[in-house]
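The structure appears below as structure tokens.
Readers should treat all values here as calculations from the given coordinates under stated rules, not as data from a laboratory. Everything numeric here is computed off the predicted structure, so don't read it as measured data. Positions of Cβ are backbone-derived with ideal geometry, glycine not excepted, and every protein chain shown enters the neighbour counts.
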Amino acid sequence: MNTYSITPLMSALLFMTFGIIVVLFGKDAKLKIPFFLLCLTTAWWQGSWTVLFNTTNPKITLFLVRFGYSGIIFIPVAFYHFVIGWLGTKREKEFIFVGYILGIIFLLFNWMSDYFISGYYMYFWGYYPKANWLHFVYLLIITLSIIYMAIVLRRHLRTKGTIAFKRLQVKYVLFIMLIYATGASDFLVNYGIEFYPLGFIPISICLVLCSYVIIRYRLM
């Protein structure tokens with residue numbers, strides 16, 4: 001087993017385990033479903049790279065880079081779904097449906113063309129997906145969605161009448177979102193910049209923080 005694949009494997013197992021725990025014991029259905037989707041897509045991402053870093057067959061490699069991105073595509077949508085579902089704002093709920101539609105469109109391009117992923121790179125730790133021009137469009141949409149979520153969360157912090165307990169929850173969610181977003185540094189590797197992807201570090205930190213917030217401040 002490639003030693004570089006151990007860390008994504010551990011990350012995938014942690015997220016999948018935590019997602020299952022939330023589904024089994026979480027009390028708020030409108031929150032635990034999108035949160036499970038977030039855990040599932042993150043585990044999908046990390047689990048796929050675990051296998052990818054250990055393969056040497058070109059045909060299997062091409063399948064794995066597309067398979068892995070089939071989960072990655074929906075991570076921002078799942079996160080947005082969770083945040084907006086938790087806030088309970090009606091105005092932003094319309095964008096949840098739009099987000100999943102965009103995800104399906106990118107998914108189709110991922111499997112049916114080379115516009116999204118056009119192959120793979122060979123790095124010192126193993127193979128890694130090679131991005132094409134449509135991938136840049138995807139990153140632009142992600143960036144805009146993160147900015148929008150941050151604005152929505154900040155707006156709730158400034159809304160008069162918001163109780164102190166709710167404000168504290170919003171602050172934690174905003175902090176967790178910003179940390180999770182730093183995992184996007186892995187996207188640089190898709191553009192030929194060779195460094196071992198360390199996105200598993202911030203997302204693992206987020207998992208620990210989520211555990212704390214859910215238990216300590218009853219986020220769900």
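Would you calculate the separation in nanometres between label points at Ile179 and Leu209, each defined as 7 Å from the Cα along the Cα-to-beta-carbon direction?
0.5
How far apart, in nm, are two points set 7 Å out from the Cα along the Cα-to-Cβ line at Leu168 and at Asp114?
Rounded to a tenth, the inter-label distance reads 5.5 nm.
In whole Å and largest first, what semi-axes does the C-alpha gyration tensor of the chain yield when each eigenvalue is scaled by 5 and square-rooted? The partial results should precede the final answer.
Working: eigenvalues 193, 74, 44 Å².
Largest first, the chain gives 31, 19, 15 Å.
Under the rule that an exposed site lies in a DSSP loop and has at most 15 other Cβ atoms within 10 Å, name the longest stretch of the chain with no trypsin sites (Lys or Arg not before Pro) of that kind, not counting the sites themselves.
So the longest stretch without any such site is 94-159.
Count the lysine pairs in the chain that are 8 or more places apart or on different chains: how many have C-alpha atoms under 21 angstrom apart?
Lysine pairs satisfying the spacing and distance rule in the chain number 17.
Could you work out the Kirkwood radius for the stretch 56-141, taking every pair of different alpha carbons, averaging 1/r and inverting it, reported in Å? Could you put the intermediate results ahead of the total?
Numbers: mean 1/r = 0.0709 Å⁻¹.
Every distinct Cα pair counted, the radius reaches 14.1 Å.
Give the residues of the stretch 131-145 whose amide nitrogen is closer than 19 Å to a point set 7 Å from the Cα of Thr55 in the direction of its Cβ.
Counting only backbone N, you get 131-132.
Given R₀ = 30 Å, FRET efficiency for Tyr191-Ile101 by Cβ-Cβ distance, to 0.05?
Using R0 = 30 Å, I get an efficiency of 0.70.
Per 0.36 nm of contour for each residue apart, how much would the distance between Thr143 and Met1 grow if the chain were fully extended, relative to their Cα-Cα spacing?
Residue separation times 0.36 nm, minus the Cα-Cα distance, leaves 47.6 nm.
Sort largest first and round to whole Å: the equivalent ellipsoid semi-axes of the stretch 133-213, each the square root of five times a Cα gyration tensor eigenvalue. Show your work: numbers first, answer last.
Working: eigenvalues 171, 58, 7 Å².
Semi-axes, largest first: 29, 17, 6 Å.
To the nearest µm²/s, what D does Stokes-Einstein give for the stretch 132-176 at 20 °C and 1.002 mPa s, using the Kirkwood radius over alpha carbon pairs as Rh?
Values: Rh = 11.9 Å.
Answer, rounded: 180 µm²/s.
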